[in-house]
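The values are calculated or read from the model by the stated rules, or taken from the named source; none is laboratory data. Small disclaimer: the values here were computed from a predicted structure and weren't measured. FYI the Cβ positions are ideal-geometry reconstructions off the backbone, even for glycines, and counts take in every protein chain you see. Protein only, heavy atoms only, side chains kept; ligands, DNA and RNA dropped before computing areas. Shrake-Rupley method; radii C 1.70, N 1.55, O 1.52, S 1.80 Å.
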Amino acid sequence: MNIGGRIKQARLAARLSGRALAGQVGVSAMAISKYENNRDVPGSKVLMRLAQALGVSVEFFLRPVIIPVQIQAYRKRARLGIKEQTSIEMRIQEGIERYLAVESFFPDAQIQKSLPSHPIQSLEEAECVAEKIRQEWDLGLDAIENLVHLLEDQGIKVWPVDGYADFDACIFLANDQAVIAVKTGLAGDRQRYSLAHELGHLVMQIPESINAEKACNRFAGAFILPAPTLRRELGPKRSALNLQELALLKQKYGLSMQALIYRAGQLGIISASESARLFTQIAAKGWKKTEPYPLPEEHPTRMKQLVLRALAEDLLSHSRAFELLGNAQELSFAGENEPNQPADH
């Protein structure tokens, strides 16, 4: 990609029109159009103003694209507009380019695993696929301590995205590598469910006759909390459950209280009337959007670990590390035991 393409990518990521960007940079909208269509090249001063307006480094405009990304599926609300969706895609593209640049330092550390792919013919079979993935990944039936780290260990990149109220998660392929982008700031149980839902999209072949979102929801619940485990915790058949009991299971397995109610109903542990009663209690307490006993958000660490390794081995400077991570705070402790070392940023 040339400079014009980079300017357009950053503008779309920032959700700015050409006219709005022109106003911030102090040039005409026609000039922005010419830059983006490679009919003109901005001078160094304009390039610096473009970088400031778009929240990127000047080096960003000069960086070659490593690979394109292909969006596969979104977990979003209907209110997410085309402008916001394009912005998310552009930000993901830019972020994954940095991730792959970090990986290029250590070919031996690159995780090359082929994801399983299981066809399903019913929603119930999504449950079976979740059990198969757990078996293939040697997870047993216990709680998954950290789902983000598990996905990273399986070669799936997890990329945090912030600033979009109506977006939860999406999956895409980058050079045939699976990436799950997930909204930052989510409660831990909601984040885990979104990640497991997107994993379902990656590992299941879902025919058009089946609602893909329902299938992935079924997969997500079964992957986080397998049927034998929930039956062991609650018993095979219950006439009633109480919310405190669900709160304890939420803390143990990282699945929301509402998802636990759905799960118990799916498995026939409780009746439809008991499910309705519990959801009525949830609503009466004002817990539908924000449940009590929040779980901490999980964070990907693999990219940061590779950057720190590259720093330790003098493969890049601190300023380049800041650029690759996109956040200087991520390296706030780097070199803290070497106070006399000159800074290069």
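Residue by residue, here is whether (1) closer than 22 Å to I261 by Cβ; (2) in contact with a Leu (Cβ under 7 Å, 6 or more places away or on another chain) holds:
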position: A130; (1), (2): yes, no
position: I133; (1), (2): no, no
position: L139; (1), (2): no, no
position: Q154; (1), (2): no, no
position: D162; (1), (2): no, no
position: I180; (1), (2): no, yes
position: K183; (1), (2): no, no
position: G188; (1), (2): yes, yes
position: Q205; (1), (2): no, no
Task: Among (1) modelled with pLDDT under 95; (2) open to solvent by less than 80 Å² (accessible area, probe 1.4 Å) - the single one A143 does not satisfy - done: (1)
TODO: Within the stretch 1-20, track down each residue that is surrounded by fewer than 16 Cβ atoms within 10 Å (Cβ to Cβ) and more than 17 Å from E59 (Cβ to Cβ).
DONE: S17, R19, A20
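Kindly indicate whether E103 is more than 18 Å from A13 (Cα to Cα) and at pLDDT 95 or above.
Numbers: more than 18 Å from A13 (Cα to Cα): yes; at pLDDT 95 or above: no.
When the stated conditions are applied, E103 does not pass them.
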- [ ] Tell me, yes or no, whether the stretch 218-232 has at least one residue that is crowded, with 23+ Cβ neighbours inside 10 Å and either hydroxyl-bearing (S, T, Y) or more than 24 Å from L295 (Cα to Cα) (or both).
- [x] no
Task: Single unsatisfied condition, L311 versus (1) at positive phi; (2) free of Cβ contacts under 8 Å to residues at least 60 places away in the same chain - done: (1)
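Take the stretch 13-39 and flag every residue that is assigned to a helix (DSSP H, G or I), in contact with a helix residue (DSSP H, G or I) (Cβ under 7 Å, 6 or more places away or on another chain), without any contact (Cβ under 8 Å) to a residue 40 or more places away in the chain and under 25 Å from Q85 (Cα atoms).
Restricting attention to the stretch 13-39, the residues satisfying the condition of being assigned to a helix (DSSP H, G or I) are 13, 18-25, 29-36.
Still in the running and in contact with a helix residue (DSSP H, G or I) (Cβ under 7 Å, 6 or more places away or on another chain): 13, 18-19, 21-22, 24-25, 29, 31-33, 35-36.
Add one more test, that the residue is without any contact (Cβ under 8 Å) to a residue 40 or more places away in the chain, and what stays is 18-19, 21-22, 24-25, 29, 31-33, 35-36.
Within the stretch 13-39, G18, R19, L21, A22, Q24, V25, A29, I32, S33, Y35, E36 meet the criteria.
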- [ ] Within the stretch 148-163, count every residue that is touching a residue at least 60 places away in the same chain (Cβ under 8 Å) and open to solvent by 20 Å² or more (accessible area, probe 1.4 Å).
- [x] 3
- [ ] Among the residues of the stretch 257-274, write down those that are closer than 18 Å to P226 by Cβ and open to solvent by 50 Å² or more (accessible area, probe 1.4 Å).
- [x] Y262, Q266
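Being open to solvent by 50 Å² or more (accessible area, probe 1.4 Å) and closer than 22 Å to V148 by Cα narrows it down to one of R309, R238, R277, so name that one. Explain how you work it out, then say what you get.
Numbers: R238 fails: closer than 22 Å to V148 by Cα; R277 fails: closer than 22 Å to V148 by Cα.
Being open to solvent by 50 Å² or more (accessible area, probe 1.4 Å) and closer than 22 Å to V148 by Cα holds for just one of R309, R238, R277, which is R309.
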TODO: Looking at (1) crowded, with 20+ Cβ neighbours inside 10 Å; (2) under 21 Å from the mean Cα position of the chain (by Cα), find the lone condition where T290 falls short.
DONE: (1)
TODO: Residues being touching a residue at least 12 places away in the same chain (Cβ under 8 Å), exposed (fewer than 13 other Cβ atoms within 10 Å of the Cβ) and assigned to a loop (DSSP other than H, G, I, E, B): count how many of those fall in the stretch 40-67.
DONE: 3
